[in-house]
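Below you'll find the structure, written out as structure tokens, and then a few comments.
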Amino acid sequence: MLNSFHPGELWLDNQDVHINAHGGGVIFHEGKYYWYGEHKIGGSNGNSAHVGVHVYSSSDLYNWQDEGIALPISEDPDSEICKWSVIERPKVIYNSKTQKFVMWFHLELKGQGYHAARTGLAVADSPTGPFQYIKSMRPNAGHWPLNVTPEQQDPESIQRTIEQADKFFGGHSIKHEDYNILGAHFSGGQMSRDMNLFVDDDGCAYHIYSSEHNATLHISKLTDDYLDHQGIYTRNFPFRWMEAAAIFKRKGKYYFIASGCTGWDPNTARSAVADSILGPWTELGNPCVGVNPQNNMGPELTFGAQSTDVFQVNGKEDCYIAMFDIWKPKNAIDGRYVWLPITFTDEDSFEIKWQTSWSI
Ligand code: GAL
């Protein structure tokens with residue numbers, strides 16, 4: 001039995017198999033934690049979906065029991081979630097009104113690289129599934145963000161951007177700033193890649209997704225049943241190219257971590273604070289401190305990892321755990337997990353310090 005965390009090392013489940021729940025998230029429900037994540041296979045093929053979303057359960061956060069595949073990929077080659085699609089960063093939240101477990105994830109369609117930029121939805125009655133795939137979409141079609149500008153609504157600027165649509169694929173570039181990517185996706189829905197979910201104290205849930213070719217992050221309110229977007233959203237951190245976002249709340253303030261946008265390679269983490277989840281957000285800088293001796297990577301490379309989620313330990317007021325992934329794109333199944341505690345340094349700020357081993 002484990003009684004501590006060992007960031008970056010192999011993490012064996014109850015069957016002595018390295019946990020297979022990458023880009024994941026943790027929820028607490030009726031006395032147990034559930035960890036959902038991408039099931040990866042060996043080799044670089046493991047970067048596409050071949051199995052589905054894996055779920056584990058635990059009562060102490062150190063020892064995890066394999067609960068199997070919560071959302072299996074579809075055997076139907078015409079399904080959006082077929083083999084060779086991309087299913088990333090699955091997150092599950094519980095809706096106490098409908099008593100359903102609701103999963104959202106980043107979906108890319110088979111054979112289309114990362115061009116589809118969609119979000120997928122699946123629902124279950126039990127935390128371990130089986131989850132039923134419902135649909136995918138680009139969020140908020142026909143809705144402007146609360147902080148839209150008149151320029152973004154200008155039909156000429158929308159048309160000019162639509163005509164250049166192919167120019168924007170391929171990552172970070174300055175040219176995105178000269179075009180109206182938001183406007184170009186107004187009718188069809190906004191692009192949605194790396195994502196997370198957050199449920200506020202009042203039960204309202206939010207979908208946080210890298211949009212506009214990953215240049216700008218959207219934070220969007222979900223409907224009361226968590227099964228759709230309400231059309232209420234904001235653009236945040238424009239042209240800061242943030243991925244892997246996670247939001248948590250402490251003493252009435254909202255906190256945020258994310259990465260930059262460099263694919264599987266590590267980069268410098270970001271953090272931010274806000275009084276309202278829909279913003280405005282104030283950036284706080286890189287929260288990471290220390291060096292991972294396994295790869296000699298320090299705070300400027302997030303210990304060789306990329307953020308994935310933050311959750312609060314049940315019943316422990318100031319105990320929040322930040323989850324990161326060390327990706328192994330050449331052998332995806334070997335990706336490692338880095339879980340570290342969040343330390344609050346003053347009213348508004350926090351740190352995430354490397355630890356070789358630690359316990360709650
Ligand atoms: C990362 C992202 C991962 C995955 C990867 C693909 O930036 O956070 O979830 O999409 O790119 O290259």
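A search for C-beta distances below 7 Å between a residue of region 317-328 that is at pLDDT below 95 and any residue that is surrounded by fewer than 21 Cβ atoms within 10 Å (Cβ to Cβ), counting only pairs 6+ apart in sequence or on different chains, returns ASP318/PHE344. Residues that are hydrophobic (A, V, I, L, M, F, W, C) and more than 23 Å from ASP166 (Cβ to Cβ) occur in region 105-119; there is at least one.
Scanning region 217-246 for residues being among the hydroxyl-bearing types (Ser, Thr, Tyr) and surrounded by fewer than 24 Cβ atoms within 10 Å (Cβ to Cβ) gives a total of 2. Taking region 121-220 as the region of interest, the strands (runs of 3 or more DSSP E) fully inside it that hold 1 or more residues being in contact with a strand residue (DSSP E or B) (Cβ under 7 Å, 6 or more places away or on another chain) and under 27 Å from ASN267 (Cβ atoms) are 195-199, 205-211.
Residue-by-condition table, conditions (1) more than 30 Å from LYS251 (Cα to Cα); (2) surrounded by 14 or more Cβ atoms within 10 Å (Cβ to Cβ); (3) touching a residue at least 12 places away in the same chain (Cβ under 8 Å):
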| site | (1), (2), (3) |
| --- | --- |
| VAL123 | yes, yes, yes |
| PRO130 | yes, yes, yes |
| ALA141 | yes, yes, yes |
| GLU177 | yes, no, yes |
| ARG193 | no, yes, yes |
| SER210 | no, yes, yes |
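Say whether the condition of being in contact with a Pro (Cβ under 7 Å, 6 or more places away or on another chain) and surrounded by 19 or more Cβ atoms within 10 Å (Cβ to Cβ) is met by at least one residue in region 26-36. The answer is yes; a qualifying residue exists. In region 55-90, the qualifying residues are those that are within 16 Å of the ligand (Cβ to nearest atom) and in a strand (DSSP E or B), and the one that is farthest from ALA332 (Cα to Cα) is PRO90.
Go through region 340-360 and give me each residue that's under 18 Å from LYS249 (Cα atoms) and not polar (S, T, N, Q).
LEU340, PRO341, ILE342, PHE344, ASP346, GLU347, ASP348, PHE350, GLU351, ILE352
For region 96-123, the candidate set comprises residues that are more than 15 Å from ARG138 (Cα to Cα) and of a type in the set (Lys, Arg); within that set, the residue that is nearest to the ligand (Cβ to nearest atom) is LYS110. Of the residues that sit in region 165-194 and are among the polar types (S, T, N, Q) and more than 16 Å from the ligand (Cβ to nearest atom), which one is farthest from ASP154 (Cα to Cα)? Once the filter is applied, the top-ranked residue is GLN190.
A single entry from GLY298, GLY252, GLY290, GLY285 fulfils the requirement of being surrounded by fewer than 23 Cβ atoms within 10 Å (Cβ to Cβ), farther than 19 Å from TYR209 by Cα and in contact with a Pro (Cβ under 9 Å, 6 or more places away or on another chain): GLY290.
Scanning region 217-232 finds one or more residues that are within 14 Å of the ligand (Cβ to nearest atom) and on the phi < 0 side of the Ramachandran plot.
Is it the case, given these coordinates, that ILE93 is within 21 Å of ASN47 (Cα to Cα) and either aliphatic (A, V, I, L, M) or within 16 Å of the ligand (Cβ to nearest atom) (or both)? No; evaluated as a whole, the condition is false for this residue.
The values are calculated or read from the model by the stated rules, or taken from the named source; none is laboratory data. Everything numeric here is computed off the predicted structure, so don't read it as measured data. Every residue, glycine among them, receives a Cβ derived from its backbone with ideal geometry; neighbour counts consider all protein chains shown.
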